[in-house]
Amino acid sequence: MGRLRDKITGTRYPETGAVPVPVLELRRALLDLGRTDVPFRVRAALPAEKADLVAECRVSEASIRLRTRMRFDPHKREVRVLEERWEPSREHAGTEYSRGPAVSVSRQWRYEKGPDGRRRKVETFRFDSRDMRNPLVDAVLGAGWTWRGVLLRW
């Protein structure tokens with residue numbers, strides 16, 4: 001059941017023999033991610049968010065909002081993570097809320113005349129939720145900590 005649960009929750013473990021860094025060093029590495037050329041920001045969590053850090057991304061072109069709440073457990077050397085998404089509903093007006101490690105990809109195209117005079121489809125916008133998740137996971141695993149996905153309780 002352990003491996004199945006890990007797959008469902010998106011839990012990832014550091015390489016065997018990885019030396020965990022102190023919690024303050026991990027915190028600094030995650031906060032520094034938001035200062036680079038990534039499409040999201042990492043900030044200290046508000047008290048109501050019940051977390052230590054929050055990574056969030058808002059894609060106005062596709063009306064998608066992603067939030068990853070992270071809580072540090074220094075005794076187990078793991079970061080407990082709750083991933084949340086708000087996306088436009090395909091079935092009715094409004095937005096749809098979901099949580100857990102799911103991939104969200106959004107693309108937009110337009111037609112234009114190509115060099116040969118024929119009409120072709122050109123991608124004008126692309127968003128992939130892995131562009132936010134993967135750098136966070138890599139930073140946590142690189143620090144020797146476990147990325148522990150959470151679905152129900154927070």
Query raised in the report: Going by accessible area, probe 1.4 Å, with all protein chains left in place, what is the ranking of I64, I8, largest first?
Result: I8, I64
Query - Selection from G144, V42, C57, by position along the positive dipole direction of the chain (Cβ) - result: C57
Query raised in the report: Under a point-charge model restricted to the Cβ atoms of Lys and Arg (+1) and Asp and Glu (-1), what is the dipole moment magnitude of the chain relative to its Cα centre, in debye to the nearest 20?
Result: 300 debye
Query raised in the report: Expressed as a whole percentage, what fraction of the accessible surface of the chain belongs to carbon and sulfur atoms when a 1.4 Å probe is rolled over the protein heavy atoms?
Result: 49 percent
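Pop the C-beta distance of N134 and A44 into the FRET formula with R0 = 30 Å and round what comes out to the nearest 0.05.
On the way: r = 22 Å, r/R0 = 0.74.
Calculated value: 0.85.
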Report summary line: Taking R0 as 30 Å and r as the Cβ-Cβ distance between A18 and E96, the FRET efficiency 1/(1 + (r/R0)^6), rounded to the nearest 0.05, comes to 0.20
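Per DSSP H run of n ≥ 4, the term is -39500 (n - 2.57); total these for the chain, divide by its residue number, and report the mean residue ellipticity at 222 nm rounded to 500 deg cm²/dmol. Each step should come with its number before you reach the end.
On the way: 3 runs with 32 residues, N = 154.
Mean residue ellipticity at 222 nm (helix-derived): -6000 deg cm²/dmol.
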**Report entry** Inter-label distance for V103 and D6, nm, one decimal - labels placed 7 Å from Cα along Cα-to-Cβ
**Finding:** 2.0 nm
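With charges set only on the Cβ (+1 for Lys and Arg, -1 for Asp and Glu), what does the dipole of region 1-78 come to about its Cα centre, in debye to the nearest 20? List each step's numbers first, then the result.
On the way: 17 positive and 11 negative charges, 54 e Å.
In debye, rounded to 20, region 1-78 gives about 260.
Viscosity 0.692 mPa s, temperature 37 °C: what is the translational diffusion coefficient of the chain from Stokes-Einstein with a Kirkwood Rh over Cα pairs, rounded to a whole number of µm²/s?
Numbers: Rh = 17.1 Å.
The calculation lands on 192 µm²/s.
The values are calculated or read from the model by the stated rules, or taken from the named source; none is laboratory data. If you're wondering where the values come from, they're calculated on a predicted model, not measured in any experiment. When we count neighbours, we look across all protein chains shown, and the Cβ atoms used for this are built from the backbone with ideal geometry, even at glycine. Surface areas here come from the heavy atoms of the whole protein model, side chains and all, with no ligands, DNA or RNA. Shrake-Rupley method; radii C 1.70, N 1.55, O 1.52, S 1.80 Å.
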